[in-house]
């Protein structure tokens, strides 16, 4: 099998629940601090979306926004605006720039740029490899110019440094210099950092260096057992950093992949409410690609109290632990005798099998160093890598190997 072979669009066969592991979860999030929720008696007669302020930026947003990454139909962006969504998140690498073009075309058509908060991302691990701080500064500025052209905008509200995996990466002075230049030029309003892996380290570094106004973090019920992340979120929030949640439903369409039909689909609104009930999260960017998903996500914006059905779902430890969601904790790395980059391979699998976003799966795979990719797994008759939680690493690696033809 060659490392250069392309991802195919083969479908996946549903799996039964992975092995259960880890500590139990409480539907209310244990001892962590959650936002004050209005009681039915406090509700106004005319319901209005719950809004929160995004840290020291002063931006006020509905608690539900849109992650546009998986969307490719302009109408769903238009419908999201009409529903009340005012923050749209994209990136230069999504769909090879077509995602930004779509957002830009919609915003121009509607004539509502001044009503919206638009964020994009650049300077991925692939972009920043082996660059000096000076080269990093110039690269960030160069890539943003392309984004602005595709978006047909003079500025974006938030520019994120994309896919930052540790505190050392977050401490790049060249990136900070680029942010300061772009702010003075009026091409960005606020600077941000987006992270999936090593989030505690990234947040702690961001608080210390003061480079970032906003952080975009993976935050969902599967991460309940990581108190150090909650502590880092508290420090970031207290410093004035705005926090936005992604991956709130624990990996998108995972329920269609993991669960047997008789078990039913996991409760999407329960998971989204769980993330939004945390006082530090200003808004979330769940992805939706059709009107039904939009309605489902937007439905929580008026009231974050759990229904009895949602409580029952969140109290079911077997379901929560069986999500098969990779926490990106990196503990698996030490268990692979060949040194494969398993956390990133798990993200590739999520984008392909669960999001059905084959372009982003391919891009994420291409960011993995060639000597740490699937080539290392080619001759393994059985996978020895082990997850500290519930992810079926061997099964996912096997399916990724089948995706190469």
Any chance you could count how many residues in the stretch 213-243 are buried (at least 21 other Cβ atoms within 10 Å of the Cβ), over 15 Å from residue 202 (Cα atoms) and modelled with pLDDT of 95 or more? 0
Those residues of the stretch 359-372 which are in a loop (DSSP other than H, G, I, E, B) and at pLDDT 80 or above, in sequence order: 368, 369
Please verify whether residue 356 is within 29 Å of residue 121 (Cα to Cα), outside any helix (DSSP H, G or I) and out of contact with any helix residue (DSSP H, G or I) (no Cβ under 9 Å at 6 or more places or on another chain), treating the condition exactly as stated. yes
Restricting the search to the stretch 377-398, which residues are more than 11 Å from residue 346 (Cα to Cα), at pLDDT below 85 and part of a helix (DSSP H, G or I)? 398
Sole exception among (1) assigned by TED's automatic domain parsing to the domain that holds residue 69; (2) buried (at least 22 other Cβ atoms within 10 Å of the Cβ) for residue 309, by number: (2)
Out of (1) surrounded by fewer than 22 Cβ atoms within 10 Å (Cβ to Cβ); (2) in a helix (DSSP H, G or I); (3) modelled with pLDDT of 95 or more, the one residue 293 does not meet is (3)
For residues that are touching a helix residue (DSSP H, G or I) at 6+ places or on another chain (Cβ under 8 Å) and assigned to a helix (DSSP H, G or I), tally how many sit in the stretch 70-80. 6
Hey, does the stretch 269-289 have a residue that's farther than 20 Å from residue 118 by Cα, in a loop (DSSP other than H, G, I, E, B) and modelled with pLDDT of 95 or more? yes
Of the residues 301, 348, only one is within 21 Å of the chain's Cα centre (by Cα) and assigned by TED's automatic domain parsing to the domain that holds residue 226; which? 301
Restricted to the stretch 53-69 and to residues being part of a strand (DSSP E or B) and buried (at least 19 other Cβ atoms within 10 Å of the Cβ), the residue nearest to the chain's Cα centre (by Cα) is 67
Residue satisfying condition, being assigned by TED's automatic domain parsing to the domain that holds residue 294 and modelled with pLDDT of 95 or more, within set 246, 263: 246
Residues of the stretch 320-339 that turn out to be at pLDDT 80 or above, on the phi < 0 side of the Ramachandran plot and surrounded by fewer than 24 Cβ atoms within 10 Å (Cβ to Cβ), as a count: 9
Per the filter on the stretch 70-82, residues over 18 Å from residue 114 (Cβ atoms), surrounded by fewer than 24 Cβ atoms within 10 Å (Cβ to Cβ) and in contact with a strand residue (DSSP E or B) (Cβ under 9 Å, 6 or more places away or on another chain) are 70, 76
Filter result (in contact (Cβ under 8 Å) with a residue 40 or more places away in the chain and in a helix (DSSP H, G or I)) within the stretch 326-343: 331, 332, 335, 342, 343
Please go through (1) farther than 27 Å from residue 53 by Cβ; (2) in a strand (DSSP E or B) for residue 88 and return the number of the only condition it doesn't satisfy. (1)
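The values are calculated or read from the model by the stated rules, or taken from the named source; none is laboratory data. In this text, all values refer to a predicted model and were calculated from it rather than measured experimentally. Cβ sites come from the backbone with ideal geometry, for glycine too, and all protein chains shown count toward neighbours.
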